[in-house]
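What follows draws every value from the coordinates through simple rules; no lab data is involved. These numbers were taken from a predicted model, which means no experiment stands behind them. Note: ideal-geometry Cβ built from the backbone for every residue, glycine included; neighbour counts use all protein chains shown.
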Amino acid sequence: MSAPSDGKDSSSTLKMLVGGLSLTTVGLLISTIVLATNKDSGAIGTQADVGALPVEVIPAPGSTYLDQGLVDCMSITLSLDAIVSHITDGEISTAIVTTNLEVGYDDLREQYATTNLEGSEFETSPPTIVEALSEADVQATVIFAAQCDYKVTTRSGGHSYIGMSSCNNNCIQLDVGRMNHIDVKESGKQLNVGPGVRLEELVQTFVTEGVFIPTGECKSIGIGGHTQTGGFGPWGRSFGYFTGYVDSFRIVLPDGSIRSVEKPGRKPLTSQPNNDLFYAVLGGASGSFGTVVDTVFNTNKDDDFHAFYWEVNFWYDSEKTLPGITKMLEKYAGMVESGELDQDDTRWNIWWTLVGSKSLLAKTGLLPPFNFFQMDFIWVVPKKETSNADAFADAQAVYDDIVGACDDCVLLDDFF
């Protein structure tokens, strides 16, 4: 089962892109592939006191807002206006506040991901959702919550399957999806990105600027959460993960103060509190140490690499097609174990996914938990090392060896 060599799609489920495509083009295509199978999530967010840091951009507000009459725990809207005015010397809050009694609340609380926890449908029902449009809005929301004894959970895209972007009961869901700025710095060498930017939007900027950062696949994921949970994706063997490209970020801490946090190891050396917070925030527990409001990423130059990509979707049926898929996986494992696919060779990236598609369930009437098996095959080579033609020949040889072992496999288009 060889990939076509004319650079055209042979079907909607077996795709190959050749000719030294740019990394950004491949990334944009990958980001449109993933099928959304669920809606969103649930568990209560938490806050943590991280202590003092050396860089304090805006003074910590202290604990006198209630005493000064700036916070009214019975009116979050009035309180946000008063706090923002106090912080900014006269401006008012631009945040949009929606309570669970208002029209539009049900649509706003819906999210992409869901948990399997019992009662998780109720975990996505915060009494109040605040859509922040500025850093001051985030500060004011956090300060109000602290003064009035609410928990806060932050949502950038709502893709947390462990409930880090959703909450219920005595909490405020702080939605930063509207903080979606992208600013280009140093001719594209760095990008300044808001937490609400979606992956599809970021990849479009990659294309425009001729740069690249390895990302995940799902085009609607929010950059705020993606950054704080590793940014795992199919480019990992060649380029590492999304989080590794963070240069610095700004974060609103639980006391309402803002800190600028830089990647450790610079000269002059960053402080230990800076380093601790950098690794804590990017360590997988998104939102636990504060709300990130801005991130600066370093980039790769897109034109420095040859890139090739195949995606194959096989129909998955435990009786009919599992033997063929098993052979293919055994072939792949054997190539790795024998060294034919050298684990030190960063050219190849192969990602296997067992997928359950609701749309396929509707077409077939079957009820398996999973119904197709997806293979993403990416081959990346620096242009300085080889020609485009030689890079493609090496990629196709490996691809053919693996996919050719699946002699009993059925493509989705063949099945339907």
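Points to keep in mind about this one:
- Relative exposure of Ile350, Ile251, Ile96, judged by other C-beta atoms within 10 Å (fewest first): Ile96, Ile350, Ile251
- Each principal axis of the range 148-273 carries a Cα extent, and these read 46, 37, 26 Å when sorted largest first.
- Farthest positive-ward along the range 76-175 dipole, Cα basis, beta-carbon charges - from Gln173, Leu108, Ser93: Gln173
- For the range 182-301, the relative contact order is 32 percent, taking Cα pairs closer than 8 Å that sit 6 or more residues apart in sequence and dividing their mean separation by the residue count.
- Over 20 Å [Cα-Cα, the range 76-175], rounded percent: 36
- Those residues of the range 291-313 whose amide nitrogen sits under 14 Å from the label point placed on Arg266, 7 Å along Cα→Cβ: 295-298
- Peptides 275-284, 188-197, 239-248, 262-271 ordered by average Cβ neighbours within 10 Å, highest first: 188-197, 239-248, 275-284, 262-271
- With a Cα cut-off of under 18 Å and a minimum spacing of 8 residues unless on different chains, the lysine pairs in the range 182-301 number 4.
- Charge context of Val97, other residues only, Cβ under 14 angstrom, K/R +1, D/E -1: -4
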